[in-house]
Amino acid sequence: MVRYVVYRLAMAVPLFVGAALLIFVAGHLAPGDPVQTLLGDRYTPAAAAVLRHQLGLDRPLAAQFVDYLGQLATLRFGTSYVNPGLRVGDLLRAALPISLRLATLAVAVAAALGTLLGVVAATVPGRPLDRLIQFGVVLGLSVPSFVTAAALVYLFALQFRLLPVAGWGHPSDYVLPVVVLAVAPLAFITRIARSSVGQVLLEDYVRTARSKGLRTPRVLFRHVLRNAALPVVTTIGMAFGTAIVGAFVVEVVFNVPGIARVAVNAIFQRDYTVLQATVLVYTALFSFVNLAVDVSYAYLNPRVRY
Amino acid sequence: MFGTERWKAVRLALGGDRLAAASAGFLLALAVLAVAGPLATRYTYDAQDLDALFRTPGAAHWFGTDQFGRDSFTRIVYGARVSLSVGFAAVACESLLGMTWGTVAGYYGGAVDNALMRVVDLLIGFPTILLAILVTGIFGPSLTNIVIALVLTAWPGTARTIRSEVVAIRERDYVDGARALGATTPRILARHLVPNVVHLLIVRATLDVSTLVLAEATLSFIGIGVQPPHPSWGQMIYESFQYLDGHPLLLVFPAAALSVTVIAFNVVGEFLSRVLDPRYAGRH
């Protein structure tokens, strides 16, 4: 187990260096000269040469890349490209917890409700309730999240005035973003839970448990859920990844000051250092989620041993 | 390369599957409308009419008008043009790249396979939107860059699908036979492997159009996709968000167009995957 975790961590390193390289190269290919931007009106060829030397931009690209990696390893992201007074690290520290909180809440809601709906649907296969849940799953997977967002904002914020439209600060501001973010994960957790529980229900030991007179709830909790849990747990892990990506739409719609918002603003302002940092943060989050999913799978499944 | 027999089977099966037939019909109509573009409407997508703001649907404006008095139906038709051409262009490129990559990796195996598929593994873990944001964020949101971003995110999946099928096919007797008869590698690839995986490619491409049309809409919605005044469904949905209170219809039309298109491509893709499966033959 320990060996497997170490191996997976080692595999994450090339991914991360690869992402950093991609971002570094892209930053250099990007139109515009940072020195010219920094100097602005005070631009003269001599001043530019001095600044270029000070910033180390006249050194070979390979040397600059190694420096860049060193900075990243010590979590120094530098200052904003457009707004030199602003430290990228501070920006991330303010935004990241908000996005993580949103994603965690959404996944928690999706996991609890999705497992419940999946189990319910699996116990009444083919009945109207099962079909209704299945239809909801298809809808949840195919309707774009911004359309769902529009429908919810229209109903709950504009028609019934129950919730704020957009804004940030009050706990009720979390409700709509979390719900919108939870829809897609909810749909596929439900789908996986239904098929997984449905399969286990056909097993001989479930029939035996029933035939010896156990009540349905006891059969479900003791025999079915434990054996059906593995794919569901893995899916919940992957749902976290979906929720992090879904934040792009949700943070734009509801004006949430999270990390996706920071990334989108950086694109609008062509703020390369901020953009690079946000992409790296996302890469790190994804590597971590994938790692956690695979490790928990290995841990939970007695048939997988490393 | 793709027998008329197969197409006949598809047509026959389509008669028995009303949902798939309706979806295919919708997509065909949408494509015709998108190509016909200017012929389908007497307005242009950016002509403002300040005397006719926020008109409700009627004879003059089928889907009403927006905050600048622009005709919504016209903008949806032109939006279809953008969505479909971005979707098709991206799918064509990623299919070609994924097909070549997957076929070469699967056929040669060994170290070549290993090297090629590690690249795929690396990219496949990367979420679509993130790559797209990196590309359009750094190089600017032009249509070409959006297509490049979408190709980058989609081809690894195609490569993986094709590779696994090629690995299974290359051990078949007819491939051995062709090799024994002295067929060159390019000939084996082109005559024996590609025709036998092309049905998978068609299915995959159809499902990918759906994903990529949605991805383009998402990028445009966030503001880093198609730029105004060129209309795109995602961007129209974003703009109409501000007028949701009072003019909800403004949002309903582009949202419906996008959702129905995405669902229709999915339905047709699922249908094709059932019908084009070689094991389906003779079961209609």
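Side notes on the structure shown:
- Pair list, Cβ under 9 Å, 6 or more apart: region A:4-21 residue more than 17 Å from A:Phe286 (Cβ to Cβ), other residue assigned to a helix (DSSP H, G or I): A:Tyr4/A:Asp294; A:Tyr4/A:Val295; A:Tyr4/A:Ala298; A:Val5/A:Leu291; A:Val5/A:Val295; A:Val5/A:Ala298
- Identity of the residue in region A:146-161, more than 8 Å from chain B (Cβ to nearest Cβ) and assigned to a helix (DSSP H, G or I), that ends up farthest from the chain's Cα centre (by Cα): A:Gln159
- Odd one out for B:Ile224, checked against (1) of a type outside the set (S, T, N, Q); (2) within 14 Å of chain A (Cβ to nearest Cβ); (3) part of a helix (DSSP H, G or I): (3)
- Filtered residues of region B:245-259 (kept if within 10 Å of another protein chain (Cβ to nearest Cβ) and in contact with a helix residue (DSSP H, G or I) (Cβ under 8 Å, 6 or more places away or on another chain)): B:Asp245, B:Pro248, B:Leu251, B:Pro254, B:Ala255, B:Leu258, B:Ser259
- The number of residues in region A:162-186 that are part of a helix (DSSP H, G or I) and touching a Ser or Thr at 6+ places or on another chain (Cβ under 9 Å) comes to 6.
- All helices (runs of 4 or more DSSP H) inside region B:72-174 with 1 or more residues being in contact (Cβ under 8 Å) with a residue 60 or more places away in the chain, more than 14 Å from chain A (Cβ to nearest Cβ) and surrounded by fewer than 17 Cβ atoms within 10 Å (Cβ to Cβ): B:72-108, B:143-169
- The residues on offer are B:Ala217, B:Ala205, B:Ala178, and the sole one that is within 11 Å of chain A (Cβ to nearest Cβ), in contact (Cβ under 8 Å) with a residue 12 or more places away in the chain and in a helix (DSSP H, G or I) is B:Ala217.
- Here A:Gly126 meets each of (1) assigned to a helix (DSSP H, G or I); (2) surrounded by fewer than 15 Cβ atoms within 10 Å (Cβ to Cβ); (3) modelled with pLDDT of 85 or more with one exception, condition (1).
- Hey, A:Thr278 touching a residue at least 40 places away in the same chain (Cβ under 8 Å), in contact with a strand residue (DSSP E or B) (Cβ under 9 Å, 6 or more places away or on another chain) and over 21 Å from A:Leu116 (Cβ atoms) or not: no
- When residues of region B:227-244 are limited to those that are in a loop (DSSP other than H, G, I, E, B) and more than 10 Å from every other protein chain (Cβ to nearest Cβ), the one surrounded by the most Cβ atoms within 10 Å (Cβ to Cβ): B:Ser232
- Selection status of B:Asp208, touching a helix residue (DSSP H, G or I) at 6+ places or on another chain (Cβ under 6 Å), of a type in the set (Asp, Glu) and modelled with pLDDT under 85: no
- Scan region A:240-269 for residues that are within 13 Å of the chain's Cα centre (by Cα) and of a type outside the set (Val, Ile, Thr) and the total you get is 9.
Each row is one residue, and each column tells you yes or no for (1) at negative phi; (2) surrounded by fewer than 17 Cβ atoms within 10 Å (Cβ to Cβ); (3) of a type in the set (D, E, K, R).
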site: B:Ala22; (1), (2), (3): yes, yes, no
site: B:Thr41; (1), (2), (3): yes, no, no
site: B:Asp46; (1), (2), (3): yes, yes, yes
site: B:Asp51; (1), (2), (3): yes, yes, yes
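- If the condition is being over 26 Å from A:Val13 (Cα atoms) and touching a Lys or Arg at 6+ places or on another chain (Cβ under 7 Å), then region B:92-143 contributes B:Gly106, B:Tyr107.
- Checklist (1) touching a Leu at 6+ places or on another chain (Cβ under 8 Å); (2) aliphatic (A, V, I, L, M); (3) under 18 Å from A:Thr273 (Cα atoms); (4) loosely packed, with under 14 Cβ neighbours inside 10 Å applied to A:Leu38, failing item: (4)
- Taking region B:189-199 as the range and being free of Cβ contacts under 8 Å to residues at least 60 places away in the same chain and not small (Gly, Ala, Ser) as the test, the residues that pass are B:Arg191, B:His192, B:Asn196.
- Qualifying residue in region A:234-247 (condition: within 10 Å of another protein chain (Cβ to nearest Cβ), over 25 Å from A:Gly198 (Cβ atoms), touching a Pro at 6+ places or on another chain (Cβ under 6 Å) and not charged (D, E, K, R)): yes
- Residues of region B:37-71 satisfying the condition of being farther than 19 Å from B:Ile237 by Cα and either acidic (Asp, Glu) or free of Cβ contacts under 8 Å to residues at least 12 places away in the same chain (or both): B:Pro38, B:Leu39, B:Arg42, B:Asp49, B:Asp51, B:Gly58, B:Ala59, B:Ala60
- Being farther than 25 Å from A:Trp168 by Cβ, more than 21 Å from the chain's Cα centre (by Cα) and within 13 Å of chain B (Cβ to nearest Cβ) holds for only one residue in A:Tyr299, A:Tyr272, and it is A:Tyr272.
The values are calculated or read from the model by the stated rules, or taken from the named source; none is laboratory data. Only a predicted model underlies this, so the values are computations on that prediction, with no experimental measurement involved. Heads up, the Cβs are rebuilt from the backbone with ideal geometry, glycines too, and the neighbour counts pull from every protein chain shown.
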